[in-house]
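S.K.: The following block contains the structure, expressed as structure tokens.
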């Protein structure tokens, strides 16, 4: 069973995405901020990470940098899931090393398709 880590500070988004992936048979872990997400990533070694950009404590770019610096986690596909929707935002996210860039709001089928490309 593939494991997904969702790092998202908005509880309703976190819960909605979590329910979607559990229904599809994925094992889902979630964190409400980047620091917690890094701990869970190190413990669970997910197959993919979905991460918001604008979060308290540690933003998504900081999380991505820490993930890429850890040899045990560096190859895990990392998708930004964010409300930052300009082309410049997307280019910045991909240039930072993200595997993909998903814009909120996103349809359930679209997020499933994006994740299935990597797991």
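Yes/no per residue for (1) farther than 21 Å from residue 2 by Cα; (2) at pLDDT 95 or above; (3) under 10 Å from the mean Cα position of the chain (by Cα):
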position	(1), (2), (3)
49	no, yes, yes
61	yes, yes, no
70	no, yes, no
76	no, yes, no
89	yes, no, no
104	yes, no, no
109	no, no, no
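S.K.: If you scan region 60-87, which residues turn out to be assigned to a loop (DSSP other than H, G, I, E, B), touching a strand residue (DSSP E or B) at 6+ places or on another chain (Cβ under 9 Å) and surrounded by fewer than 17 Cβ atoms within 10 Å (Cβ to Cβ)?
M.R.: 83, 85 - these are the residues of region 60-87 that are assigned to a loop (DSSP other than H, G, I, E, B), touching a strand residue (DSSP E or B) at 6+ places or on another chain (Cβ under 9 Å) and surrounded by fewer than 17 Cβ atoms within 10 Å (Cβ to Cβ).
S.K.: Would you check if residue 115 is exposed (fewer than 13 other Cβ atoms within 10 Å of the Cβ) and closer than 20 Å to residue 1 by Cα?
M.R.: Taking the combined requirement at face value, the residue does not satisfy it.
The values are calculated or read from the model by the stated rules, or taken from the named source; none is laboratory data. Every value quoted in this text rests on a predicted model; they were computed, and no experiment measured them. As a convention, Cβ positions derive from the backbone with ideal geometry for all residues, glycine included, and neighbour counts pool all protein chains shown.
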